[in-house]
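So the structure is just underneath, and the comments pick up after that.
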Amino acid sequence: MNSWFRLNQLWQLILALFREIIREPGVLFWGILFPILMSVGLGLAFTKKADVIRKVAIINSNERSITVSDTNTIENFLLKSCEKNNSPDKKSWQWKYMKKDEKLGNSIFLFYNMEWDDAMKLLKRGTINLLISGQNNSVEYHFDPMNSDAELTFLKLSSIIGKGEIITAQSNSEIKPLTVTGTRYIDFLVPGLIGMGVMMSSMWGISYGIIEKRSKKLLRRLVATPMRKSHFLIALITVRITMNFIESSVLLLFALFAFKMTIQGDISALILTFLAGNIAFAGIAVFASSHTSNTEVGNGIINFVVFPMMILSGIFFSYQNFPDWSLPVIRNLPLTMLTDGIRSIFNEGAGYQELAIPILILIFIGVVFFSVGLKIFKWH
């Protein structure tokens with residue numbers, strides 16, 4: 001009898017807790033529907049794109065001077081095997097080549113004629129991953145040997161660029177590894193990790209902390225004291241920004257010593273960009289946690305902010321891999337602006353002139369979201 005009674009108690013507790021969860025609409029949305037929506041979005045981004053597009057820079061190649069009698073290996077390949085783009089837009093590709101493969105999928109190579117300095121800048125940003133140069137019968141491939149995607153692009157291209165026809169790689173083709181600071185994958189990755197760390201620390205440290213305090217009735221006790229409400233939030237933000245600065249400094253020092261990275265731009269601009277990013281995400285964090293007291297709903301709201309930007313904003317790979325129609329939206333995400341700003345200072349020598357507008361936009365985002373969040377903030 002005792003055993004049956006205890007089992008019945010356990011069953012009733014399970015039912016009660018289960019009803020508590022399913023009666024909260026936010027839990028159902030963030031726990032069930034949101035992951036489905038995320039899978040649909042990522043599925044459209046990564047599975048509907050049948051052809052893989054690879055962008056390649058060609059150095060010292062002028063398509064207007066190409067003739068049938070040219071002996072330049074690259075120019076012969078462009079002339080006889082590639083489709084020419086007659087668009088007047090100078091930023092668009094000049095030549096296109098498609099390597100068809102029914103089993104592994106088609107590879108489309110877009111070739112851009114540009115100067116070396118311009119190509120290096122796009123390489124550092126992750127827009128392209130391979131540079132080709134050469135005169136007469138020679139071909140030189142410039143890429144980071146630690147970048148697997150660049151190596152794959154080289155292997156595919158070296159098998160098709162020949163004397164105007166598709167042949168195997170020539171023996172006089174040369175690989176020129178790019179291992180200088182700013183062109184390596186680690187130089188691309190570390191600024192992204194710093195930006196992602198700011199976002200994750202702000203969203204979980206501020207948002208979840210506020211939601212947890214509200215669920216435990218601690219905010220109600222605090223508001224009963226002679227305390228200005230804005231002071232509590234400002235203090236919370238100040239502590240989190242200080243912690244972000246310490247955590248990012250440790251990562252930065254490790255990267256500088258372990259990977260021989262250098263900061264090529266203005267250090268004061270880097271600090272201001274970092275602070276602007278903290279302000280932006282602190283304001284978003286206050287807004288995201290301004291109303292709910294349910295930690296599970298709070299988890300969903302935080303993930304709603306964090307996961308899309310973590311995937312779209314080019315932390316681990318360039319966002320140039322996404323469809324062209326989505327790039328204007330991606331570039332204006334707070335994490336994208338923060339990460340691009342830090343990368344440009346690290347790898348391109350950028351300063352206040354290049355970063356003034358992104359810094360102002362990030363600060364504006366933070367102030368607006370903080371003000372709205374404070375206005376609708378629920379203290380009990």
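Would you confirm whether any residue within the stretch 73-89 is surrounded by 14 or more Cβ atoms within 10 Å (Cβ to Cβ), modelled with pLDDT of 65 or more and among the acidic types (Asp, Glu)? Yes, some residue in the stretch 73-89 is surrounded by 14 or more Cβ atoms within 10 Å (Cβ to Cβ), modelled with pLDDT of 65 or more and among the acidic types (Asp, Glu). Filtering the stretch 246-260 for residues that are touching a residue at least 12 places away in the same chain (Cβ under 8 Å) and not in a helix (DSSP H, G or I) leaves a non-empty set. Of the residues Met120, Met114, Met98, the single one that is over 24 Å from Phe188 (Cα atoms), of a type in the set (A, V, I, L, M) and modelled with pLDDT of 75 or more is Met98. Of all residues in the stretch 157-185, those being exposed (fewer than 15 other Cβ atoms within 10 Å of the Cβ) and either among the basic types (Lys, Arg) or at pLDDT 80 or above (or both) number 2. Do we find a residue being in a helix (DSSP H, G or I) and either closer than 12 Å to Arg54 by Cβ or modelled with pLDDT of 80 or more (or both) anywhere in the stretch 130-150? Yes: the stretch 130-150 contains one or more residues that are in a helix (DSSP H, G or I) and either closer than 12 Å to Arg54 by Cβ or modelled with pLDDT of 80 or more (or both). Within the stretch 358-380, residues that are closer than 17 Å to Leu233 by Cα and touching a residue at least 12 places away in the same chain (Cβ under 8 Å) reach partners that are in a helix (DSSP H, G or I) and hydroxyl-bearing (Ser, Thr, Tyr) with beta carbons closer than 7 Å, at six or more positions or on different chains, in the pairs Leu374/Ser230.
Ile330 satisfies every condition listed in (1) in contact (Cβ under 8 Å) with a residue 24 or more places away in the chain; (2) within 11 Å of the chain's Cα centre (by Cα) except (1). The condition (being charged (D, E, K, R) and touching a residue at least 12 places away in the same chain (Cβ under 8 Å)) is satisfied by just one residue among Arg228, Arg221, Arg240: Arg240. Counting the residues of the stretch 263-310 that are more than 30 Å from Leu218 (Cβ to Cβ) and either without any contact (Cβ under 8 Å) to a residue 40 or more places away in the chain or surrounded by fewer than 20 Cβ atoms within 10 Å (Cβ to Cβ) (or both) gives 8. Do the conditions hold for Ala269, that is, is it within 20 Å of the chain's Cα centre (by Cα) and closer than 24 Å to Ile357 by Cα? Taking the combined requirement at face value, the residue does not satisfy it. A residue that is among the polar types (S, T, N, Q), at negative phi and assigned to a helix (DSSP H, G or I) can be found somewhere in the stretch 214-221. Before we move on, is Ile241 assigned by TED's automatic domain parsing to the domain that holds Thr336 and under 26 Å from the mean Cα position of the chain (by Cα)? Answer is yes for this residue.
When the residues of the stretch 61-71 are filtered to those that are touching a helix residue (DSSP H, G or I) at 6+ places or on another chain (Cβ under 9 Å) and surrounded by 11 or more Cβ atoms within 10 Å (Cβ to Cβ), the one that is modelled with the lowest pLDDT is Ile66. Only residues that are more than 17 Å from Ala276 (Cα to Cα), of a type in the set (A, V, I, L, M) and surrounded by fewer than 18 Cβ atoms within 10 Å (Cβ to Cβ): list them for the stretch 213-234, please. Answer for the stretch 213-234, where residues must be more than 17 Å from Ala276 (Cα to Cα), of a type in the set (A, V, I, L, M) and surrounded by fewer than 18 Cβ atoms within 10 Å (Cβ to Cβ): Leu218, Leu222, Val223, Ala224, Met227.
The values are calculated or read from the model by the stated rules, or taken from the named source; none is laboratory data. The shown structure was predicted, so the numbers you read here are calculated from the model rather than taken from an experiment. Here Cβ is always computed from backbone atoms with ideal geometry, including for glycine, and neighbour counts include all displayed protein chains.
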